[in-house]
Amino acid sequence: VHVEDVTRETLALLAPKLPQGVVIEERLRAGAAAILGDATQIHQVLMNLVTNAWQSMPAGGQITLEVSHAITHPLSDLTPAAGPYAYVSVTDQGVGIPPADLVHIFDPFFTTKDVGQGTGLGLSIAYGIIQDHGGWIDVQSYPGQGTRMTVYVPMEEQPCPDGS
């Protein structure tokens, strides 16, 4: 699965649904970076993250979606080994997540939305999907300033140009 292709497809699906006043800036720098995975599940993760981002900006604002790759180290002993990872960052200018809520955002059925506005399953499902793909989600949030969620997934080994 080519990460940039999945990202473009997701944005094309979401574009007609974007509320007025919300714009998305794309920074696609992954090139041919590929992961072993299920494109439909990656679509689901990205749709959830972008939807949460725009819902956190009731007055509108910018969502920056960055796709790239890096050699990175795991966040803790619980995450996969260091190596080449493709990543997608979704950064919003929204209300941010209070520290007391931040520790629960991946818990099933945890939501801060009004009744009937969300099930509290979106981030829990996204977290499970990314773990199943051998990756993790890093979250940085500052109340009143916004949130950045970065999804890391191991890159597929690329063959050498000479075929070896």
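The values are calculated or read from the model by the stated rules, or taken from the named source; none is laboratory data. Note that the structure is predicted; figures quoted are calculated from it, not measured. In this analysis, Cβ positions are derived from the backbone assuming ideal geometry, glycine residues included, and neighbour counts consider all displayed protein chains.
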Within region 1-42, residues among the acidic types (Asp, Glu), touching a Lys or Arg at 6+ places or on another chain (Cβ under 9 Å) and assigned to a strand (DSSP E or B) come out as Glu26
Among the residues of region 20-34, is there at least one that is more than 21 Å from Gly128 (Cα to Cα), in contact with a helix residue (DSSP H, G or I) (Cβ under 8 Å, 6 or more places away or on another chain) and charged (D, E, K, R)?
yes
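Of these, Val67, Val45, which one is assigned to a helix (DSSP H, G or I) and in contact (Cβ under 8 Å) with a residue 24 or more places away in the chain? Steps first, please.
Working: Val67 fails: assigned to a helix (DSSP H, G or I).
Result: Val45 is the single residue among Val67, Val45 that is assigned to a helix (DSSP H, G or I) and in contact (Cβ under 8 Å) with a residue 24 or more places away in the chain.
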By residue number, the members of region 71-95 that are out of contact with any Leu (no Cβ under 9 Å at 6 or more places or on another chain) and modelled with pLDDT of 90 or more are Pro84, Tyr85, Ala86, Tyr87, Asp92, Gln93, Gly94, Val95
